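The values are calculated or read from the model by the stated rules, or taken from the named source; none is laboratory data. In this text, all values refer to a predicted model and were calculated from it rather than measured experimentally. Note that each Cβ is placed from the backbone with ideal geometry, even for glycine, and that neighbours are counted across all protein chains shown.
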Amino acid sequence: MFSRRPATTSTATGVAPASSDARRATLAHLQDFVRTRVGVEAYVEPPTPDTGATLLLIATTGEWTRRRVPDERTAFDVAGSLGVPVYNVRFTGYPQRMRDWNSRQRRR
(Lines give C-alpha, C1' and ligand atoms only; values in the text may rest on other atoms or scores of the structure.)
Protein backbone atom coordinates (compact mmCIF):
# COMPACT_ATOMS: atom_id res chain seq x y z
CA MET A 1 0.00 0.00 0.00
CA PHE A 2 2.77 2.44 0.91
CA SER A 3 6.23 2.70 -0.60
CA ARG A 4 8.45 -0.28 0.07
CA ARG A 5 11.62 1.77 -0.21
CA PRO A 6 13.69 1.33 2.96
CA ALA A 7 14.03 4.27 5.30
CA THR A 8 17.50 5.80 5.12
CA THR A 9 17.20 8.93 7.22
CA SER A 10 18.06 9.03 10.87
CA THR A 11 15.98 10.38 13.70
CA ALA A 12 16.86 11.93 17.05
CA THR A 13 17.43 8.43 18.40
CA GLY A 14 19.78 7.64 15.54
CA VAL A 15 17.58 4.93 14.09
CA ALA A 16 14.94 5.53 11.45
CA PRO A 17 11.67 3.62 11.79
CA ALA A 18 11.26 0.86 9.23
CA SER A 19 8.88 1.76 6.44
CA SER A 20 6.51 -0.98 7.56
CA ASP A 21 6.48 0.51 11.07
CA ALA A 22 5.75 3.97 9.68
CA ARG A 23 3.02 2.52 7.46
CA ARG A 24 1.39 0.77 10.41
CA ALA A 25 1.62 3.91 12.54
CA THR A 26 0.00 6.01 9.81
CA LEU A 27 -2.84 3.54 9.31
CA ALA A 28 -3.37 3.23 13.07
CA HIS A 29 -3.56 7.03 13.41
CA LEU A 30 -6.09 7.34 10.58
CA GLN A 31 -8.19 4.44 11.91
CA ASP A 32 -8.17 5.97 15.40
CA PHE A 33 -9.26 9.35 14.01
CA VAL A 34 -12.19 7.75 12.17
CA ARG A 35 -13.15 5.62 15.18
CA THR A 36 -13.10 8.52 17.67
CA ARG A 37 -14.82 11.24 15.62
CA VAL A 38 -18.25 11.63 14.06
CA GLY A 39 -18.96 12.06 10.35
CA VAL A 40 -15.40 11.82 9.08
CA GLU A 41 -14.82 12.44 5.38
CA ALA A 42 -11.58 12.00 3.44
CA TYR A 43 -10.08 14.50 1.02
CA VAL A 44 -7.25 13.50 -1.30
CA GLU A 45 -4.73 16.28 -1.87
CA PRO A 46 -2.48 16.17 -4.95
CA PRO A 47 1.29 16.30 -4.64
CA THR A 48 2.95 19.71 -4.67
CA PRO A 49 6.57 20.66 -5.34
CA ASP A 50 7.17 20.58 -1.57
CA THR A 51 5.15 17.54 -0.45
CA GLY A 52 3.81 14.35 -1.88
CA ALA A 53 0.16 13.38 -2.07
CA THR A 54 -1.71 13.53 1.24
CA LEU A 55 -4.88 12.15 2.75
CA LEU A 56 -6.85 14.64 4.84
CA LEU A 57 -9.55 13.42 7.22
CA ILE A 58 -12.11 15.95 8.44
CA ALA A 59 -14.74 15.35 11.14
CA THR A 60 -18.11 17.11 11.29
CA THR A 61 -16.66 19.45 13.94
CA GLY A 62 -14.02 20.58 11.43
CA GLU A 63 -11.20 18.90 13.32
CA TRP A 64 -8.78 17.37 10.85
CA THR A 65 -5.64 15.31 10.42
CA ARG A 66 -3.37 14.92 7.41
CA ARG A 67 -0.91 12.19 6.50
CA ARG A 68 1.38 11.81 3.51
CA VAL A 69 0.76 8.84 1.20
CA PRO A 70 2.80 7.56 -1.76
CA ASP A 71 0.30 8.71 -4.38
CA GLU A 72 -3.30 9.75 -4.93
CA ARG A 73 -4.45 6.24 -5.84
CA THR A 74 -3.16 4.97 -2.49
CA ALA A 75 -5.00 7.79 -0.73
CA PHE A 76 -8.28 6.75 -2.36
CA ASP A 77 -7.59 3.11 -1.46
CA VAL A 78 -6.83 3.94 2.18
CA ALA A 79 -9.94 6.12 2.50
CA GLY A 80 -11.99 3.29 1.02
CA SER A 81 -10.54 0.83 3.52
CA LEU A 82 -11.50 3.24 6.33
CA GLY A 83 -15.10 3.20 5.10
CA VAL A 84 -15.47 6.97 4.82
CA PRO A 85 -16.66 9.10 1.90
CA VAL A 86 -13.72 10.31 -0.15
CA TYR A 87 -13.38 13.40 -2.34
CA ASN A 88 -10.71 14.88 -4.57
CA VAL A 89 -9.91 18.31 -3.14
CA ARG A 90 -9.08 19.58 -6.65
CA PHE A 91 -12.77 19.36 -7.48
CA THR A 92 -14.51 19.96 -4.15
CA GLY A 93 -12.19 22.33 -2.31
CA TYR A 94 -12.00 22.28 1.47
CA PRO A 95 -15.21 22.27 3.53
CA GLN A 96 -16.14 25.42 5.43
CA ARG A 97 -16.21 23.51 8.71
CA MET A 98 -12.44 22.95 8.42
CA ARG A 99 -11.79 26.67 7.91
CA ASP A 100 -14.08 27.49 10.84
CA TRP A 101 -12.25 24.98 13.09
CA ASN A 102 -8.88 26.46 12.06
CA SER A 103 -10.14 29.97 12.90
CA ARG A 104 -11.33 28.84 16.32
CA GLN A 105 -7.96 27.20 17.02
CA ARG A 106 -6.04 30.37 16.09
CA ARG A 107 -8.14 32.42 18.52
CA ARG A 108 -7.22 30.09 21.39
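The rows are residues; the columns are (1) among the charged types (D, E, K, R); (2) at pLDDT below 55.
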site: 3; (1), (2): no, yes
site: 10; (1), (2): no, yes
site: 13; (1), (2): no, yes
site: 32; (1), (2): yes, no
site: 37; (1), (2): yes, no
site: 41; (1), (2): yes, no
site: 48; (1), (2): no, no
site: 51; (1), (2): no, no
site: 56; (1), (2): no, no
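Looking at region 96-107, can you tell me whether even one residue there is in contact (Cβ under 8 Å) with a residue 40 or more places away in the chain, part of a loop (DSSP other than H, G, I, E, B), buried (at least 16 other Cβ atoms within 10 Å of the Cβ) and not basic (Lys, Arg)?
no
What are the pairs, 6+ residues apart or on separate chains, where a residue within region 28-42 that is closer than 12 Å to residue 65 by Cβ has its Cβ under 6 Å from a residue that is part of a helix (DSSP H, G or I)?
34/82; 40/34; 42/79
Looking only at region 32-46, filter to residues that are more than 15 Å from residue 87 (Cβ to Cβ) and in contact with a Ser or Thr (Cβ under 9 Å, 6 or more places away or on another chain); which one of those is surrounded by the fewest Cβ atoms within 10 Å (Cβ to Cβ)?
Among those residues, the one meeting the criterion is 38.
Confirm whether residue 24 is out of contact with any helix residue (DSSP H, G or I) (no Cβ under 9 Å at 6 or more places or on another chain), modelled with pLDDT of 95 or more and not small (Gly, Ala, Ser).
Working: out of contact with any helix residue (DSSP H, G or I) (no Cβ under 9 Å at 6 or more places or on another chain): yes; modelled with pLDDT of 95 or more: no; not small (Gly, Ala, Ser): yes.
Spelling it out, it is not the case that residue 24 is out of contact with any helix residue (DSSP H, G or I) (no Cβ under 9 Å at 6 or more places or on another chain), modelled with pLDDT of 95 or more and not small (Gly, Ala, Ser).
Just to be sure, is residue 49 over 14 Å from the mean Cα position of the chain (by Cα) and crowded, with 16+ Cβ neighbours inside 10 Å?
Criteria not met by residue 49.
Which residue is surrounded by the fewest Cβ atoms within 10 Å (Cβ to Cβ), if the candidates are limited to region 67-81 and must be in contact with a strand residue (DSSP E or B) (Cβ under 7 Å, 6 or more places away or on another chain) and farther than 18 Å from residue 19 by Cα?
Looking at the filtered set, the residue picked out is 80.
For region 35-85, which positions are assigned to a strand (DSSP E or B) and of a type in the set (Lys, Arg)? Spell out how you get there, then give the answer.
To start, the set of residues in region 35-85 that are assigned to a strand (DSSP E or B) comprises 41-45, 54-58, 64-68.
Selection gives 66, 67, 68.
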